[in-house]
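These notes concern the structure reproduced below.
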Amino acid sequence: MENYRHTKVLIIGSGPAGYTAGVYASRAMLEPLLIQGIEPGGQLTTTTEVENWPGDSEVQGPDLMIRMENHAKSVGCEVLSDIITNLDLSGRPFVATGDSGNIYTCDSIILATGARAKWLGLPSEEKYKGFGVSACATCDGFFYKNQEIVVVGGGNTAVEEALFLTNFASKVTLIHRRDELRSEKILQDRLFKNPKIETLWFNQVVEILGDKEPLGVTGVKVKNVKTGVLSTLECKGVFVAIGHSPANELVKDVLKTHMGGYVITKPDSTETSIPGIFAAGDLTDHKYRQAVTSAGMGCMAALEVERFLAETK
Ligand code: FAD
Ligand code: NAP
């Protein structure tokens, strides 16, 4: 049965941007509804230690996100477990349809749908997803006790995943298409000092190799990007950590985007190309993509919504 709910501000997403917007909008007495989506707590729930959240020299990602949720709820934000499957921004009020069958009408929206892991796009990757191919070391690392694993990528995520996986694996090979990492220097330092980790520079995975019965990974075929030479590496697990793309499916046809789909906001603002629709966090940020910058944008969005609602009353 369909349930209709009206709210002054609908927050879509429960990462640092969404929950921060929830705290600020609640304290502005806007009585926001926040929809959590398929990943309550967002990307930080897929990692372990977070060492750059101000005020906590070290905090577990999932714990931090539970604290943010509790904080938002404690000031009056209503947090709902639902996934928005469609947004109609053509009229007023705006209409959001939930996977639950609920229909949410609202005077303004804060989009905080974040980003999702990118994949290599190989047919063999598709075949072995969940059977040796993963994009989440915290979720799946445990299955690789004393096994050899490869991690693909050269950013913070790849280096953190490689380090984390040494808790389980006998050996981790980091495969990167260049010979220089993008990740923070402190993480690189830990990576190079770890005796369980080897690096394979200037290589791209071109195929995931495996068995049919039982379905599972046995290795990867890699290609040297300089020489074109193909070689094979044995492993039981492949962790793809090659970045994230903005989760823009709800709005990509109606809002202006750039740089591979990031929602465009006005300079120094979270306003999008449609008045009343604001965007915050990784959905709009192709540059910094940090928890603290996402939270900052969530704050900005709630403050801007407050002003928008006051002006359009
Ligand atoms: P996200 O955290 O991506 O959350 C998006 C939310 O939107 C989710 O709750 C999802 O369920 C929801 N959503 C999506 N679509 C819908 C829909 N249709 N309907 C309803 N809800 C929807 N940053 C740091 O600063 N420090 C770190 O140590 C750090 N470690 C990281 C480790 C890993 C493995 C990863 C992947 C990222 C890490 N980051 C780190 C980056 C950080 O997690 C992101 O910058 C931050 O989470 C972005 O926050 P966000 O609120 O924009 O979106
Ligand atoms: P990222 O910084 O965009 O790095 C992606 C890496 O994957 C790059 O090294 C890139 O290579 C490589 N790559 C991209 N496409 C590829 C392909 N098709 N094949 C092979 N390699 C490919 O992504 P990320 O590491 O996921 O980080 C995303 C954001 O989250 C960043 O802003 C990061 O700072 C943040 N984050 C922060 C922390 C932390 O603060 N501790 C932890 C995790 C993530 P090139 O280098 O050659 O381009």
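The values are calculated or read from the model by the stated rules, or taken from the named source; none is laboratory data. All figures in this text were calculated on a predicted structure; none of them were measured in a lab. We place every Cβ from the backbone using ideal geometry, glycine too, and count neighbours over all the protein chains shown. Surface accessibility is based on the protein's heavy atoms, side chains included, excluding ligands, DNA and RNA. Shrake-Rupley method; radii C 1.70, N 1.55, O 1.52, S 1.80 Å.
Details
- Straight-line cross-link reach from Lys196 at under 16 Å between alpha-carbon atoms covers these aspartates and glutamates, not counting any fewer than eight positions away in the same chain: Glu148, Glu160, Glu161, Glu234.
- For the residues Val151, Val254, Val292, a GNM of the chain with alpha-carbon springs under 10 Å puts the largest fluctuation on Val254.
- Per-pair calculated FRET efficiency, R0 = 51 Å: Glu78 and Asn194 via Cβ, rounded to 0.05: 0.70
- Taking Cα atoms only, the orientation of helix 61-74 departs from the longest principal axis of the chain by about 10 degrees.
- Scaling the Cα radius of gyration of segment 119-240 by the globular reference 2.2 N^0.38 Å produces a ratio of 0.97.
- For segment 43-101 versus segment 106-158, the spacing of their alpha-carbon centroids is 20 Å.
- Using Cβ point charges alone (K and R +1, D and E -1), the dipole size of the chain about the Cα centre works out to roughly 660 debye.
- Rounded to the nearest 10 degrees, the inclination of helix 156-165 to the longest alpha-carbon principal axis of the chain is 60 degrees.
- Distance violations [Cα-Cα > 28 Å] among Lys73/Lys118; Lys256/Lys287; Lys236/Lys287; Lys129/Lys266; Lys129/Lys193; Lys129/Lys171: Lys73/Lys118; Lys236/Lys287; Lys129/Lys266; Lys129/Lys193
- Relative contact order for the chain, counting Cα pairs under 8 Å that sit 6 or more residues apart, in percent: 20 percent
- Taking 4.7 Å between C-beta atoms as the pairing limit, the chain has these partnerless cysteines: Cys77, Cys106, Cys235, Cys299.
- For the chain, a Kirkwood radius taken over Cα pairs fed into Stokes-Einstein (37 °C, viscosity 0.692 mPa s) yields D = 159 µm²/s.
- Shape class of segment 154-213 from the alpha-carbon gyration tensor: oblate, with a/c at 1.5 or above and b/c at least as large as a/b.
- For the chain, the longest site-free run once GluC sites (Glu not before Pro) in DSSP loop states with at most 16 other Cβ atoms within 10 Å are removed: 59-179
- R0 of 35 Å, Cβ-Cβ distance His71-Arg178: FRET efficiency to nearest 0.05: 0.30
- Residue of Asp140, Asp189, Asp63 that the Gaussian network model of the chain assigns the largest fluctuation, springs spanning Cα pairs under 10 Å: Asp189
- In segment 1-72, the trypsin sites (Lys or Arg not before Pro) that fall in loop regions by DSSP, at most 16 other Cβ within 10 Å: none
- Global form of segment 49-148, assessed from the alpha-carbon gyration tensor, a/c cut-off 1.5: oblate
- The mean of 1/r over all distinct Cα pairs in segment 198-313, once inverted, gives the Kirkwood hydrodynamic radius of 17.7 Å.
- Degrees, to the nearest 10: 16-27 long Cα axis against longest axis of the chain: 20 degrees
- Rough spin-label spacing in nm, given labels placed 7 Å along Cα→Cβ, for Ser245 and Glu213: 3.6 nm
- Whole-percent carbon and sulfur share, accessible surface of segment 217-305, 1.4 Å: 55 percent
- Percent carbon-and-sulfur accessible area, segment 6-46, ignoring ligands, DNA and RNA, probe 1.4 Å: 55 percent
- Accessible area (Å², per residue) of the chain, counting only protein heavy atoms and a probe of 1.4 Å: 50 Å²
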